[in-house]
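Okay, so here's the structure we're looking at.
The values are calculated or read from the model by the stated rules, or taken from the named source; none is laboratory data. All figures in this text were calculated on a predicted structure; none of them were measured in a lab. Positions of Cβ are generated from backbone atoms using ideal geometry, with glycine treated the same way; all protein chains shown enter the neighbour counts. Surface areas here come from the heavy atoms of the whole protein model, side chains and all, with no ligands, DNA or RNA. Shrake-Rupley method; radii C 1.70, N 1.55, O 1.52, S 1.80 Å.
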Amino acid sequence: STIIIAPSDKTKTMLVNYGIKREIVVLPTGLDLDKFSKAKMNLELVTHYIEQGGLNPTDHVLVFVGRLAKEKSIQFIIDGIKDIAVEDENIKLVIVGSGPIEEELKHEVKSLGLSNRIVFLGRIPSENIPAVYHMADAFISASTTETQGLTYIEAMASGLPILARYDQVVSDLVIEGETGYCFVDQATLIEVATKFFNLSQEQKQ
């Protein structure tokens, strides 16, 4: 069975409180979750990325952070956004990172006519990553090849709900309706995202 390594007792307690049942061992890994805290938000930097992404206050912002490679299944999310856009006119996807399929993905977005919905911010310095999480409403990933799901943990530490494609790593992190929602295919991705933003709209009103 797999154990979870937490970087601190504080994180261990947080994970236990989230209802994670696996054995958790504390081992400082250098993954400093404290810098992701909303309390440490760098408003200037957040504003910078909001402007760079051409985002509006009414936008429903999903963020993906990671290497732009085949195994991350970013294509899967892009195809989903195409259909979510029909249901939710405010949906935006911000893609952070670079990699071998970057140009291919940009081309795909252009040919689908989604350039106004999907923004590529490219690679940004790791110390600025918290700001990208802080400008979003939720973190999204369709990858099923994560070993530890570090970006999921960073996003959660930033206070973001997770929309994730179901797999083993995700099943330990995502508590349905509490820390996020899982999807298994295109149809459930659309359903989950639409439901999530409808719920968050109700909370705002």
Check your understanding: Which stretch or stretches of region 33-73 have amide N atoms under 19 Å from the point lying 7 Å from GLU89's Cα along the Cα→Cβ direction?
Key -> 55-62
Study note, to complete from the structure: For region 24-119, the accessible surface attributable to carbon and sulfur atoms (probe 1.4 angstrom, ligands and nucleic acids excluded) amounts in percent to 52
Review point. Which of the peptides 69-75, 39-45, 196-202 is most tightly packed, and how do the rest follow, judged by the mean count of other Cβ atoms within 10 Å per residue?
Key: 69-75, 196-202, 39-45
Study note, to complete from the structure: Expressed as a whole-number percentage, the relative contact order of the chain with C-alpha contacts under 8 angstrom and at least six residues apart is 21
Revision key, fill the gap. Lys and Arg at +1, Asp and Glu at -1: neighbours of TYR181 with Cβ under 10 Å from its Cβ sum to -2
Review point. How far apart, in nm, are the 7 Å Cα→Cβ label points at ARG67 and GLU103?
Key: 1.9
Practice item. Write out the trypsin sites (Lys or Arg not before Pro) in region 77-155 meeting two conditions: DSSP loop, and at most 13 other Cβ atoms within 10 Å of their Cβ. Key: ARG123
Practice item. Be a star and scan region 65-82 for residues whose amide nitrogen sits under 17 Å from the point 7 Å along the Cα-to-Cβ vector of LEU112. Key: 65-66, 68-82
Check your understanding: Using a simple charge model, +1 on the beta-carbon of Lys and Arg, -1 on the beta-carbon of Asp and Glu, nothing else, what dipole does the chain show about its Cα centre, in debye to the nearest 20?
Key -> 340
Review point. Got a number for carbon plus sulfur as a percent of region 156-205's accessible area, 1.4 Å probe?
Key: 50
Study note, to complete from the structure: The number of Lys pairs in region 1-90 whose alpha carbons lie under 23 Å apart, excluding pairs fewer than 8 residues apart on one chain, is 10
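What's the local net charge at HIS60, with K and R +1, D and E -1, over the other residues with C-beta under 10 Å away?
Values: positive: LYS92; negative: ASP59, ASP88, GLU89, ASP137.
That works out to -3.
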Practice item. For GLU191, put the label point 7 Å out on the Cα→Cβ axis and report which residues of region 84-124 keep their amide N under 16 Å from it. Key: 84
Review point. Where Lys and Arg each count +1 and Asp and Glu each count -1, what net charge lies around GLU127 among other residues with Cβ under 12 Å from its Cβ?
Key: +1
Practice item. Alpha carbons only, please: Rg and Dmax for the chain, in angstrom. Key: 16.4, 48
Point to revise | Dimensionless Rg over Rh [region 112-196; C-alpha; Kirkwood] | key: 0.96
Review point. Using alpha carbon centroids, what distance separates region 80-123 and region 174-202, in Å?
Key: 19
Check your understanding: With every protein chain left in place, what is the accessible area per residue of the chain in square angstrom, probe 1.4 Å?
Key -> 50
Check your understanding: Which helices pass in the chain if a helix is a full DSSP H run, must span at least 18 angstrom along its long axis by Cα, and must have mean Kyte-Doolittle hydropathy not below 0.5?
Key -> 74-87
